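Heads up, the thing below is written out as structure tokens.
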Amino acid sequence: MELRRLGITDTEVLSALERVPREAFIPRPFREHAYENSALPINNGQTISQPYIVAYMTQMLEPNQRHKVLEVGTGSGYQAAVLSKLFRRVYSIERYRSLHLEAMQLFEKLKITNITSKLGDGYKGWEEQAPFKHIIVTAAAEDVPGALVDQLDDNGIMIIPVGPESGDQTILKITKDHHGMMAEEELIPVRFVPLLQGLAVES
Ligand code: SAH
């Protein structure tokens, strides 16, 4: 109801959020807050986005059951699980091994079979599976990674937060038309953890 009031009108998106148990993706100490509209900490100093932002970015991605989607920043796996209800297949990349492994276990436990996830640097995209008609980045980039632009298909949509690590960040909607001509639209101000290059080093 709250998401609807905040302008999430796509009933498929609302239904996808209803069908994914957010508490499963949240570390135990914070689980009681799973259904509040706020971002919460996950491991490795990362965060699971606010439900409104997940719904908003998903809606702007214009989901299509016949298409695949690329997600950069698997994190808890929550956004990927929501996407799995709306796309044919989800390709998701995470740079922390532990987050990647935990998310894979969760997908299995929740019997979600259409997510392919890998440990890697999402800054480089996923060349073997490109091009994508839909790309979503869930960490803030200083600049839009060129590889992701290259891997965006004609008639494609990329949703990506852009801006400095602890400054003003904006969600951009980058589109290509049927000739591959690009256009860019600024959506809403946000606060995301940074998109970093290379794999994360874990102790
Ligand atoms: N979509 C996630 C949000 C997690 S926060 C969720 O629903 O929980 C963003 C994630 O992006 C973090 O886990 C961070 O480690 C990851 N990340 C940052 N830079 C990355 C990169 N270059 N490649 C892959 N993942 C990256």
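The values are calculated or read from the model by the stated rules, or taken from the named source; none is laboratory data. Nothing here was measured: the structure is a model prediction, and the numbers come from that model. Positions of Cβ are backbone-derived with ideal geometry, glycine not excepted, and every protein chain shown enters the neighbour counts. Just the protein is used for accessible areas: all its heavy atoms, side chains included, with ligands, DNA and RNA removed. Shrake-Rupley method; radii C 1.70, N 1.55, O 1.52, S 1.80 Å.
Picking from residues in the stretch 61-80 that are charged (D, E, K, R) and touching a Lys or Arg at 6+ places or on another chain (Cβ under 7 Å), the one that is farthest from the ligand (Cβ to nearest atom) is R66.
Residues are listed down the side, and each one gets a yes or a no for (1) closer than 17 Å to L195 by Cβ; (2) not in a loop (DSSP other than H, G, I, E, B):
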| residue | (1), (2) |
| --- | --- |
| P63 | no, no |
| S76 | yes, no |
| S92 | yes, yes |
| F107 | no, yes |
| D154 | no, yes |
| M158 | yes, yes |
| E165 | yes, no |
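Residue count for the stretch 1-38 satisfying the condition of being among the small types (G, A, S) and farther than 18 Å from L83 by Cβ: 3. If the condition is being assigned to a loop (DSSP other than H, G, I, E, B) and more than 13 Å from the ligand (Cβ to nearest atom), then the stretch 171-203 contributes D177, H178, H179, G180, M181, S203. In the set (1) among the hydroxyl-bearing types (S, T, Y); (2) within 21 Å of T47 (Cα to Cα); (3) surrounded by fewer than 16 Cβ atoms within 10 Å (Cβ to Cβ), T113 fails one condition alone, (2).
The residues of the stretch 81-97 that are open to solvent by 30 Å² or more (accessible area, probe 1.4 Å) and near the ligand (Cβ under 10 Å from one of its atoms), listed by number, are R95, Y96.
Residues that are in a strand (DSSP E or B) and open to solvent by 50 Å² or more (accessible area, probe 1.4 Å) were ranked within the stretch 12-52; the one that is farthest from the ligand (Cβ to nearest atom) is P41.
Please indicate, with yes or no, whether at least one residue in the stretch 53-60 is more than 8 Å from the ligand (Cβ to nearest atom) and in contact with a Lys or Arg (Cβ under 7 Å, 6 or more places away or on another chain). There is at least one residue in the stretch 53-60 that is more than 8 Å from the ligand (Cβ to nearest atom) and in contact with a Lys or Arg (Cβ under 7 Å, 6 or more places away or on another chain). Go through the stretch 56-80 and give me each residue that's of a type in the set (S, T, N, Q), in contact (Cβ under 8 Å) with a residue 24 or more places away in the chain and open to solvent by 10 Å² or more (accessible area, probe 1.4 Å). Matches in the stretch 56-80: Q59, N64, S76, Q79.
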